[in-house]
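FYI, it's all coordinate maths here, none of it is from the lab. On a predicted model such as this, the values are computed, not experimentally measured, just so you know. Here the Cβ positions follow ideal geometry from the backbone for every residue, glycine too, while neighbour counts run over all protein chains shown.
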């Protein structure tokens, strides 16, 4: 288990490239601003059409390094084999208690996508809750922890939920875009065959155009944000 | 027309007490933090069961003073007589160009409430858009203005929309609660007969309990917020 | 297995205090009107931060007594360990066939709450269906039974569904409120640490204010009610 | 203006046959149970492909008589010419104050149907509210009145809302079905050319089959019902 | 395993009669137009109130013959015992790789029906996805296959989703109606006791009346259709 | 009034460039396939920040020519001055009766965009209905006409409805893309200042990537399509 400091942001991904493709620009923006980000990848991409598990692991480690984030792998049954069980949810809760994160990112709950994505999203959501309960006996060796807000990211436009509060993160800064693009490109085994990198850049450009900035990435709040003042929401994602 | 400085926050209300009852705590929080707030009240409550227009105007002025906000009245046809017309929408756009606000607050668009509320909300939303268009001839004497984000407030729980991003404002500080309660109570003609003040305080207490603070008020974003970092959303409105 | 008469109302709860906190006022109203209510509690609260299973069981028995209801416990895997399986659903269907209830209450299906709640709700819904099918071999020792309507209750406001018909039960009578409050307070291990009792009373007061009565509790119909006349719906939950 | 006694049920229709086709079975069930029902028809069908206004008026009067209901006509601008205005809404509020009904029925708010339907539905909803406000000067000659619950009916399946609580009225009794069918058939100018009568009977049979009775008609509650006990919802509209 | 040619249409059913009752008219229309259809039935109806597994299997074979379709049975755990597992999903993906279908039909995902229906629908949806992934080791013996569009059918009106694109298939031709009715009637063990055949014919007549044809069946697209021209959607399902 | 032949496709736009930006690629695909398309533009862009009405009219005529479509202008009160009235709806119904179109395109009904868009969309929807009614006296000089299906287009991503069936039109052919781009660029007064052309091309590229083609445009069906066979929906807009 790597020794890492308590991350400001903890991102979970089902497959080695999901975090980079779904919200890598947000990770780059946070690390670029000096905050610590840790990635937890829950399979080695064993069922994908391209790339061996070993290669995919290397690609993910290199992408994390490019993003300035730390990374670890957990096993939830293997790519395309995720099932929602209490045991696996508790395993994720253990990760949360160990790392004691602030903000948590997980894949969206929309079902009509790779089945692992929504299942991981639901288990992370429940794990963040179990991590708070004092009496769960499998977790007793670790102190309860209440994470900060949980946000979902979407690996494809189809996975964007329409029933949760959408917030848009401005990632227009050239160094953020450079870092994010490099991290996606590091997944060479995947990027070669499907138009994934172009899909994400096009999507981020469209999100940016919609609110008058260069590029942007939408995230989806699991619960309503609690604010001391509306001033912290001082810009709005609507140009047209 | 009063001479007022450009407000950080501009709140529109259909009737003399709507702003106080629907989002007075948010106004108190903003003025308490030193920001300027201006209230635009669009009727004198002429059709209410209790209170003359003159009395209601006095109550509103006093409530605004208690809130530390400036106030003005515009006429949209009279209480219970609002109709959505281009002429009235342009009149509201003229108010926006004249005041050049940052954040704008308006009553929610949910229809099953006093009909004036949703109609004003829709006209304010459209007026904020027309205020930006350079060629609207009735508005040419005033420079186009792009406001900051538009948020809706709900005068009753029934008016809370379920299809917009909900954000919750923490108004637990004792001085905010005192100011807000005083402002609601200033509408003595209304507060006496229906349980309006208790309704709002109970609602704010419930919203507070839900996220582990004393009292809170929900607002609803017309468009997704655009952020530079998730860190500005560092707390989440979920305790249970 | 206790010998109880066929209950008019059968309520399922995931944890020892869920029924009391989520719909205890409705139970008190029914028993107060002379109808029989039976509670089925599906864990002993083993994973909660406070209270031992033994203490929680005692609290639940005492609360049931205060409510004038009978109670029994079934085991669905333990607190925080519910999983949706056919075997457990059939176990619940067996309870339904044994008790042959009229109306059934279960926790709401909204997911973003304690995971046991929605899982129990879904299993009860499916169990009520399996209880009707003549050929399920594990159930053959008990005669098929078609329950009356199924309603969901919400343990917190977050769990209130927006996609089901909402009905509001008037629990304003002082003896109902007294009984309900006593039943909640009987869960002393839980009530001490979190603002649960105040949460529920505030919520019921708000629901009451919304429709012009003292206190009220919302329930959510799994299927549309079938009526002989609209006259049985003679009041409406809207004051403002 | 006819002198009628205070109706238990007041139904508004945009065109001479809308009430009969959309909820005539419910009217027949209520009058059959001895309750008074009054119909307010808001046009003479002037824009329909078939039938003169005079003929349509005669047909509506005869259908009302068959249903055992009283009827009157008000003018909202003519068939296909309804517009939502405050003046017309107040005219409807005046009808409500004059008649002082219990339950009110109006056409559904779903927009993609004859435009008059949804417009009338929205104006009736708002009129029921204005009828309660003491200060509306155009209404001062009549005492304020708070109606009972408002339900919407759908003239076609397309107009059934999915966002309101659905209740289903059992109209299986042979005398109700006979009366309803006769009332629909009385609109001979309409029934001849389009399959309206078969549409409604088929729809009612399907609604009946769904809940295990002969025929049924769905209605949609504008606000959640407020009940003293769940026992008044003792059957549920789900057979399969 | 029967040797069948690659079907144009592949329909999955949870119980021996589900396909016939839910979309048998669509199957009849396709086979009547000369296209090959294959049915995959995933239980023998072991838990139904009426009919032995052997009888139900015979009825299903006969119904398939009447429809002009081929049929096979797979075992997903038995009637009323479906559970969503990766192993079963992969078993269904294997069926898809073996048969290499164009269009796929599966039961709707709406939950409040026989639990097997929605579970099969979700597993078929996921299986169609897994069938495309090159690296799923349990599937390596069969070449990956990307099916054509996936549509859901509803066995009862309650199962019709409101969140997916609805398309309506015209089955008015007398020979289609005759074939479909015969196929439903072939399930004599089921048709005798509940009004299933009348339910489906009434439903299809209502769907037909709504769009001005004799009879019709709605289907629900899992993903938006991709068209070269709007001309392929040249009629619209709206008469009233 | 220009003499034009009955168009296969009739598209309505609120402003001179709306059709081109919102669905110009679809128009190009239809005219490229030899079908006749007619554009009805309902203002001259009088309120826009850039471009005189005369210039905008010229640009629109030139764009229509590039698209291979005919064009005419009608006056609905002027840019930013649309109001929903019966008189204007009937004026649009008269256009429909005169032109007797097959498929009709109109701007989406989503409200939070330029207010003219949704108002025109609602009036076109209602006009298509009034055009069918035989008795509307203002329309008696023209024979009733039942148009083919009505589809909505979205001028911006924000205007895409989530409650209507989405269909995606493949416009990847190079000549379609060239024609569409030229038509957008013909609106030089608008294209210069805001990133409108890039917005639309990015949006179409993203829609294309999502379903594995070059570029695509989504449309939204006002009513469910009625089909003789699922084979006409043989591709599906889902790649990932």
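Treat the count of other C-beta atoms within 10 Å as a stand-in for reagent exposure and order C:196, B:153 from fewest to most.
Least to most surrounded, the residues fall as C:196, B:153.
Quick one: label points 7 angstrom along Cα→Cβ at residue F:111, distances to the other copies in nm, smallest first?
So the label point of residue F:111 gives 0.9, 0.9, 3.0, 3.1, 3.1 nm to the other copies.
Where a ≥ b ≥ c are the square roots of the eigenvalues of the C-alpha gyration tensor, would you call chain B rounded, which needs a/c under 1.5, or, failing that, prolate if a/b is larger than b/c, or oblate?
Since a/c reaches 1.5 but b/c is at least a/b, the shape of chain B is classed as oblate.
Given the protein assembly as shown, what percent of its DSSP beta bridges are antiparallel, to the nearest 5?
35
Nearest-5 percent of antiparallel DSSP beta bridges in chain C? Mind dumping the intermediate values first?
Numbers: 8 of 24 bridges.
Here the share of antiparallel DSSP bridges comes out near 35 percent.
Pairs of Cα atoms under 8 Å, at least six residues apart: use those to get the relative contact order of the stretch E:154-214, whole percent. Before the final figure, lay out each step's value.
Numbers: 21 pairs, mean separation 24.2, N = 61.
It comes to 40 percent, rounded to a whole number.
Taking a point 7 Å out from Cα toward Cβ as the label site, list the nm distances between residue C:72 and the same residue in every other copy, smallest first.
Label point to label point, same position, other copies: 4.5, 4.5, 6.0, 7.2, 7.7 nm.
Is the C-alpha gyration tensor of the stretch E:133-240 telling us rounded, prolate or oblate? Criteria: a/c under 1.5 is rounded; beyond that, a/b larger than b/c is prolate, otherwise oblate.
oblate
Diagonalise the Cα gyration tensor of the stretch C:72-115 and give the resulting equivalent ellipsoid semi-axes, square root of 5 times each eigenvalue, largest first, whole Å. Provide the component values of the computation, followed by the final result.
Values: eigenvalues 79, 41, 19 Å².
The answer is 20, 14, 10 Å, longest axis first.
Which chain A residue sits with its beta carbon nearest the axis carrying A onto D, and how many Å away is it, rounded to a whole number?
Result for the axis mapping A onto D: A:163, 7.
Starting with the fewest neighbours, write out B:49, A:31 ranked by other beta-carbon atoms found within 10 Å of each beta-carbon.
Working: B:49 15, A:31 20.
If I rank by nearby Cβ atoms, fewest first, I get B:49, A:31.
What percentages, rounded to whole numbers, describe P(r) for the stretch C:89-167 computed over all alpha carbon pairs with 5 Å bin width beginning at zero?
3, 17, 26, 20, 15, 11, 6, 2
Kindly give the distances from residue E:188 to its copy-mates, label point to label point, with each label point 7 Å from Cα along Cα→Cβ, as nm values to one decimal ordered shortest first.
Result, one decimal in nm: 4.7, 6.9, 6.9, 8.1, 8.6.
Evaluate the Kirkwood expression for the hydrodynamic radius of the stretch E:73-209, namely the inverse of the mean inverse distance over all pairs of different C-alpha atoms, and round to one decimal in Å. List each step's numbers first, then the result.
Values: mean 1/r = 0.0596 Å⁻¹.
Result for the stretch E:73-209 stands at 16.8 Å.
Of D:198, A:59, A:30, how do they rank once you tally other Cβ atoms within 10 Å and put the fewest first?
D:198, A:59, A:30
Could you tell me the distance between the Cα centroids of the stretch C:176-215 and the stretch E:19-77, to the nearest Å?
Centre-to-centre distance over Cα atoms comes out at 53 Å.
Kirkwood hydrodynamic radius of the stretch F:1-97 from all distinct Cα pairs, in Å?
Hydrodynamic radius (Kirkwood, Cα only) of the stretch F:1-97 equals 13.8 Å.
Let me check against my output: what whole-number percent is the relative contact order of the stretch E:86-240, with C-alpha pairs under 8 Å and at least 6 apart? Don't skip to the end; give the middle numbers.
Values: 220 pairs, mean separation 37.6, N = 155.
About 24 percent, as a whole number.
Tell me the relative contact order for the stretch D:6-74 as a rounded percent, counting alpha carbon contacts under 8 Å between residues six or more apart.
Averaging sequence separation for qualifying contacts and normalising by length gives 39 percent for the stretch D:6-74.
How high is the FRET efficiency from residue B:137 to residue D:87, r the C-beta distance, R0 30 Å, rounded to 0.05?
Working from the Cβ atoms, E equals 0.55.
Which value in Å does the Kirkwood hydrodynamic radius of the protein assembly as shown take, with 1/r averaged over all unlike C-alpha pairs and then inverted?
33.3
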